[in-house]
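Beneath this line is the structure, given in structure tokens, with notes to follow.
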Amino acid sequence: MARPSKYQPGFAEQATKLCRLGATDKDLADFFHVTERTLNTWKKQIPEFLQALNGGKALADAEVADRLYQRALGYTHAEDDIRVCDGVIVTTPTTRHYPPDTTACIFWLKNRRPDLWRDKPDPTNDDNAPPPVKVVIEVVNASVPDADA
């Protein structure tokens, strides 16, 4: 008879939340006090658990991708400017603009279109490369003059 599973119905919801925070399978196994092998067994045997993991990870990845995209293009958001004037706290609604971030642009393009934006272009994939040139060196007289002469 097999041992009873340590899995509990509430684990799926906890796993989703942990995955949204960036937890890896190792982190999840540590949190649930099981091995990664047990975690993989749960993924195979409990579809709800697998869906919770995939959903949490996909949502976290999508949010990060969205933030990277916003940072690459630049973005604007509303915020409050809080100051003390003559002993009175004054709150002024303002709009803050963040300009496009070149590093985020480069990162995005290298990962989304590596064929066009890699650091070192692949020389085997260049249709405009000139044809190779054959160089032939013909040795006519290879004798070395005598140093004593």
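No lab work stands behind these numbers, since they all come straight from the coordinates. All of these numbers come straight from a predicted model, not from anything done at the bench. Note that we place each Cβ from the backbone using ideal geometry, even for glycine, and neighbour counts take in every protein chain shown.
Computed values, structure above
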{"read-out": "Binned Cα-Cα distances of region 11-120, short to long, each 5 Å bin given as a whole percent", "value": "2, 11, 13, 12, 9, 10, 12, 12, 9, 5, 3, 1, 1, 0"}
{"read-out": "Size of electric dipole in region 11-120: Cβ of Lys, Arg +1 and of Asp, Glu -1, about Cα centre, debye, nearest 20", "value": "560"}
{"read-out": "The chain: most fluctuating residue of P100, P47, P130 per GNM, C-alpha cutoff 10 Å", "value": "P130"}
{"read-out": "Lysine pairs with alpha-carbon atoms under 26 Å apart, region 11-120, spacing 8 or more or separate chains", "value": "11"}
{"read-out": "Principal-axis tilt of helix 47-73 within the chain, Cα atoms, nearest 10 degrees", "value": "60"}
{"read-out": "Between 0 and 90°, nearest 10: helix 36-45 axis offset from the chain longest Cα axis", "value": "70"}
{"read-out": "Anchor K134: lysines whose Cα lies under 17 Å away (excluding residues fewer than 8 positions away in-chain)", "value": "none"}
{"read-out": "CD proxy at 222 nm, helix term only [per DSSP H run n ≥ 4: -39500 (n - 2.57); per residue of the chain; nearest 500]", "value": "-14000 deg cm²/dmol"}
